[in-house]
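**Q** Quick one: the structure is below, and I'll ask about it shortly.
The values are calculated or read from the model by the stated rules, or taken from the named source; none is laboratory data. Source: prediction; values computed, not measured. Because the Cβ atoms are built from the backbone with ideal geometry, glycine has one as well, and the counts that use them run over all protein chains shown. In case anyone asks, the SASA skips ligands and DNA or RNA and just uses the protein heavy atoms, side chains included. Shrake-Rupley method; radii C 1.70, N 1.55, O 1.52, S 1.80 Å.
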Amino acid sequence: MSVFDAPAFDQHEEVSFARDADSGLRAIIAVHDRSLGPAVGGCRVFPYSNDAQALDDVLRLSRGMTYKSALAGLPLGGGKSVIIADPRCDKTPALLAAMGRFIDRFGGRYVAAEDSGTSVEDLRQMARETRHVSGIDGTEHGGDPSPSTARGVFIAIRTALRHRLGSDALGSVRVAVQGLGHVGYRLAALLRAEGAEVVAADVDLRRCQRAEAELGVRPLSIDDIVAADVDVFAPCALGDSLNAASIPRLRAGIVAGAANNQLHEEADAARLADRGILYCPDFLINAGGIIDVHFQRSGWSRSGLERSIAAIGERLEEVLRRADESRRPTSAIAEDLAREMLESARRAGETAPRCVA
Ligand code: NAD
């Protein structure tokens, strides 16, 4: 398998593979870009059906992290790691320790955080082997960044509603949440607290039952959630949920969710725009988690965190305005904006005085 020829390869700085026979670890770490700082990004555990799928995921996700951190104005680069395993049964202490040693080999160029399939406890186990792990520092919400991610997506939904309908009052708004995990469940709770009607689906039926009992969320099947008659579709499961098959079925006028890499391919941005669906780019609106991790690393500040999460809404407004003016897809505009911010931060770094050891 050639990394350089992989479709998702985008001049990544480093891509490294690890296999540990004793623990069964098979993992990849990708560092996309460190112009702004160390490459911080989640460690995902997923039972990929083949190595090429895992490579594609880690390459796309690490590139997304570069853009996400740049757009959020953070001094962080983009990286990601994936473990090819089933998070429900394969995460043994030996496997997590081996992953910790793999992360340590990067000497801080890559710093791992929580992601789909990993918990704060898993990261604590990795941290026995390396100090290059984030999101375990037991802040007021215990290191888990997903409440901040959910808040950022919630703010984005309100921003998109204001842009589209002129009001962000949630009382008469219907939202479909795909995936009731760490982020999706909290997003549903925030929406319900403001009076929105929420329908949701999860492959894990217990999560639907809990959301129904605790939040008054109406469960739908995983097949029906995409076509739910709602104002907002919020993908909060895994990537690729917006594709040639699902987009024609959408009835929502707005798509805004936490999942990374929601668009299966670039053409999907145009498919959404052609149907008049306002797409809030994932790497812009799900930055709450990395913002949270940044504040855990650099000194906790509740007010700083809140300001940075609120800025997600302001940046989204700018993207929506530019997209209206240029009639280009929102995802292309957000990528342009991220590249602009990356370039200007790089230039500022070049002109800043350097420390001489
Ligand atoms: P999670 O693993 O806790 O939750 C995902 C949920 O989706 C699970 O409950 C799972 O059962 C469900 N699911 C899987 N396939 C599904 C399907 N086909 N239909 C419906 N439900 C399905 O993950 P999370 O931390 O909540 O993250 C959700 C998404 O947001 C991921 O793509 C993640 O990369 C992204 N994200 C998370 C954070 C964070 O802070 N946790 C930050 C940025 C982005």
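**Q** Ignoring ligands, DNA and RNA, what accessible area per residue does the range 171-299 give at 1.4 Å, in Å²?
**A** 40
**Q** Continuing with the same structure: As an exercise, identify the chymotrypsin sites (Phe, Trp or Tyr not before Pro) in the range 1-71 lying in DSSP coil whose Cβ has no more than 10 other Cβ atoms within 10 Å.
**A** Phe4
**Q** How large is ³J(HN,Hα), in whole Hz, for each residue of the range 247-253 in order, when computed from phi with the Karplus curve 6.51 cos²θ - 1.76 cosθ + 1.60 and θ = phi - 60°, using x for Gly and Pro?
**A** My calculation for the range 247-253 gives 4, x, 8, 5, 10, 6, x Hz in order.
**Q** Taking the Cα centre of the range 163-239 as origin, sum charge times position over the Cβ atoms of Lys and Arg (+1) and Asp and Glu (-1), and report the length of that vector in debye to the nearest 20.
**A** So the dipole magnitude of the range 163-239 works out to roughly 180 debye.
**Q** Same structure again: Of all beta bridges DSSP finds with both residues in the chain, what is the antiparallel percent, to the nearest 5?
**A** Restricted to the chain, the bridges split so that about 30 percent are antiparallel.
**Q** Test of the criteria: in the range 261-328, which chymotrypsin sites (Phe, Trp or Tyr not before Pro) are in a DSSP loop and have at most 14 other Cβ atoms within 10 angstrom of their Cβ?
**A** Hits after loop and neighbour filter: Trp300.
**Q** Another question about this same structure. Residue farthest toward the positive end of the dipole of the chain, with Cβ of Lys/Arg at +1 and Asp/Glu at -1: which of Ser167, Val183, Asn286?
**A** Ser167
**Q** Give me the one-decimal nm value for the distance between modelled label points at Asn243 and Asn50, 7 Å along each residue's Cα-to-Cβ direction.
**A** 1.5
**Q** Now for a separate question. For the chain, give the percent of accessible area contributed by carbon and sulfur heavy atoms, probe 1.4 Å, rounded to a whole number.
**A** On the chain, the fraction of accessible area on carbon and sulfur atoms equals 48 percent.
**Q** Sticking with this structure for a sec: I'd like to check one number: the per residue accessible area of the range 91-162, probe 1.4 Å, reported in Å² as a whole number.
**A** About 35 Å² of surface per residue is accessible.
**Q** If packing is taken as the average count of other Cβ atoms within 10 Å, what order do 252-264, 188-200 fall into, highest mean first?
**A** Highest-to-lowest ranking by the protection proxy: 252-264, 188-200.
**Q** Compute the relative contact order of the chain as a whole-number percentage, counting only Cα pairs closer than 8 Å that sit 6 or more residues apart in sequence.
**A** Computed value for the chain: 15 percent relative contact order.
**Q** Assigning unit charges at the beta carbon (Lys, Arg +1; Asp, Glu -1) and nothing else, what dipole magnitude in debye, to the nearest 20, does the chain show about its Cα centre?
**A** That gives a dipole near 580 debye.
**Q** Using amide H atoms built in the peptide plane, which far-off residues or other-chain residues are under 5 Å from Glu14 H to H?
**A** Val31
**Q** Evaluate the relative contact order of the range 107-258 (contact order divided by residue number), counting alpha-carbon pairs under 8 angstrom at least 6 apart; express in whole percent.
**A** In percent, rounded to a whole number, it is 20.
**Q** Tell me, what HN-Hα J-couplings in whole Hz come from the Karplus equation 6.51 cos²θ - 1.76 cosθ + 1.60 at θ = phi - 60° for each residue of the range 2-16, using x for Gly and Pro?
**A** Running phi through 6.51 cos²θ - 1.76 cosθ + 1.60 with θ = phi - 60° gives 8, 6, 5, 8, 5, x, 8, 5, 9, 6, 4, 5, 8, 9, 10 Hz.
**Q** Using amide H atoms built 1.01 Å from N in the peptide plane, name the residues 5+ places from Ala200, or on other chains, whose amide H lies under 5 Å from its own.
**A** Those lying under 5 Å, H to H, from Ala200 are Val177, Arg218, Leu220.
**Q** Are there GluC sites (Glu not before Pro) in the range 264-338 that DSSP marks as loop and that have at most 14 other Cβ atoms within 10 Å, and which are they?
**A** Glu265, Glu266
**Q** Moving to a separate point now. How many angstrom lie between the Cα centre of the range 300-339 and the Cα centre of the range 231-292?
**A** Using only Cα atoms to place each centre, the spacing works out to 15 Å.
**Q** Which of Ser16, Ala52, Ala245 sits closest to the plus end of the dipole of the chain, meaning its Cα is farthest towards the positive end, when Lys and Arg get +1 and Asp and Glu get -1 on the C-beta?
**A** Farthest along the dipole direction, towards plus: Ser16.
**Q** For Ala252, which sequence-distant residues (separation of 5 or more, or a different chain) have an amide H within less than 5 Å of its own amide H, given hydrogens modelled in the peptide plane?
**A** Val230
**Q** What is the distance, in nm, between label points placed 7 Å from the Cα along the Cα-to-Cβ direction at Ala310 and at Arg19?
**A** 5.2
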